[in-house]
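What follows is one structure encoded as structure tokens, with my remarks underneath.
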Amino acid sequence: MSGIDALASLRARYQPAIDAALEGICAGFEVRVPVRLAEAMAYSLTAGGKRLRPILCLAAAERFGVPPASAMPLATAIEFIHTASLIHDDLPCMDDDDMRRGKPTNHKVFGEHMAVLAGDSLMIWAFGYALSGLDRNGIKAKRVIKAAAYLSGASGPFGICGGQVLDTDPESFEAGEDFAYKIAHRKTADLICASVLTGAILGGVEGNEIILAEEYGRRLGLAFQIVDDILDATGTPEELGKTPHKDERQGKTTFVSAFGLDRARGLAEDESAKAAKAAASLWGARDELALLAEELAHRSA
């Protein structure tokens, strides 16, 4: 370990502005959105969390010459999408969870119908919000369109939604160890990769740099999901802010069920090392994004 808390450093730099932007967005719901829907959207959007995905977007954008304030509409849109996926993931028809980020899940507070609509609203609005905001901030239209297209791919049937099918639909289950990777790529790694890559795209990155940025984001996302699987098997509600041991009870394919706990830990370390190598090639081995990969492989929550 480096001795530097990379995630804490990144959060200190970027999260206050992200949280302030999200609070301002939620305050603007009051005059444009039905009250109950506004409350449901704001409840989950401001429920806390690491803000890892918008932080990655802003950090990548800044490293390629785009100020965080200019990239903020994209970063907050990514958090809309991530939050929407969590709201839907917790529904009784999906994972049926009662806790998220240490609080009652959205459907427990507002009912299933409002949770569905809150998630739908955040997912759909994310793209309009990002496109209009980035245009106002002077980002070149070609880059904005390319970033939005990539984010869309990571959010829909080729990404999160497809991953949720593989994760929850018994008729879609496949035998073999590769299925755990297939789920992880779509369910988690695609959006984490998109967070990095879209930030880079705003900076006009091409060629080998875009290949390395994608390698970093994808490997980081895989490591993150493998550790999530490990924590579900070993963590407590207090540590995780959600109900543990649900994967095993629901018979899901995870890295723990496919490979066992010890091998899963080794796979997480391998993916994080590959992510750190790609980041080091872009920004140097001591860059916080390179150090973050090592940290996330050893996180406890």
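Exactly one residue among LEU134, LEU122 is touching a Pro at 6+ places or on another chain (Cβ under 9 Å), surrounded by 13 or more Cβ atoms within 10 Å (Cβ to Cβ), part of a helix (DSSP H, G or I) and touching a residue at least 60 places away in the same chain (Cβ under 8 Å), and that residue is LEU134.
Is at least one residue of region 210-223 in contact with a Gly (Cβ under 9 Å, 6 or more places away or on another chain), surrounded by fewer than 20 Cβ atoms within 10 Å (Cβ to Cβ) and either charged (D, E, K, R) or modelled with pLDDT of 95 or more (or both)? No, region 210-223 contains no residue that is in contact with a Gly (Cβ under 9 Å, 6 or more places away or on another chain), surrounded by fewer than 20 Cβ atoms within 10 Å (Cβ to Cβ) and either charged (D, E, K, R) or modelled with pLDDT of 95 or more (or both). Only a single item in (1) over 30 Å from SER9 (Cβ atoms); (2) at pLDDT 95 or above is not met by THR83, and it is number (1). Out of curiosity, is LYS187 out of contact with any Pro (no Cβ under 8 Å at 6 or more places or on another chain), within 30 Å of LEU74 (Cβ to Cβ), part of a helix (DSSP H, G or I) and without any contact (Cβ under 8 Å) to a residue 24 or more places away in the chain? Criteria not met by LYS187. For region 107-119, taking the residues that are part of a helix (DSSP H, G or I) and among the small types (Gly, Ala, Ser), the one that is nearest to GLY156 (Cα to Cα) is identified as GLY119. Sort out which residues of region 162-184 are more than 18 Å from ALA264 (Cα to Cα) and assigned to a loop (DSSP other than H, G, I, E, B), and write them in order of number. Residues satisfying the conditions are ASP169, PHE173, GLU174.
Per-residue answers, yes or no, for (1) of a type outside the set (A, V, I, L, M, F, W, C); (2) in a loop (DSSP other than H, G, I, E, B); (3) within 22 Å of the chain's Cα centre (by Cα):
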| position | (1), (2), (3) |
| --- | --- |
| ARG11 | yes, no, yes |
| TYR14 | yes, no, yes |
| ASP19 | yes, no, yes |
| GLY28 | yes, no, no |
| LEU37 | no, no, no |
| SER44 | yes, no, yes |
| ALA47 | no, yes, yes |
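Cβ-Cβ distances below 6 Å connect the following pairs, each with a first residue in region 29-52 that is farther than 14 Å from VAL116 by Cα, a second residue that is in a loop (DSSP other than H, G, I, E, B), and a separation of six or more residues or different chains: ALA47/ARG101; GLY48/ARG101; GLY49/ARG101. Filtering ASP96, ASP135, ASP120 for residues that are more than 23 Å from ALA213 (Cα to Cα), of a type outside the set (Val, Ile, Thr) and at pLDDT below 95 leaves a single hit, ASP96. Selection of region 96-124 for residues being under 13 Å from SER85 (Cα atoms), among the hydrophobic types (A, V, I, L, M, F, W, C) and out of contact with any Phe, Trp or Tyr (no Cβ under 8 Å at 6 or more places or on another chain) yields ALA115, VAL116, LEU117, ILE124.
The values are calculated or read from the model by the stated rules, or taken from the named source; none is laboratory data. For clarity, every value in this text was computed on a predicted model and none was experimentally measured. As a convention, Cβ positions derive from the backbone with ideal geometry for all residues, glycine included, and neighbour counts pool all protein chains shown.
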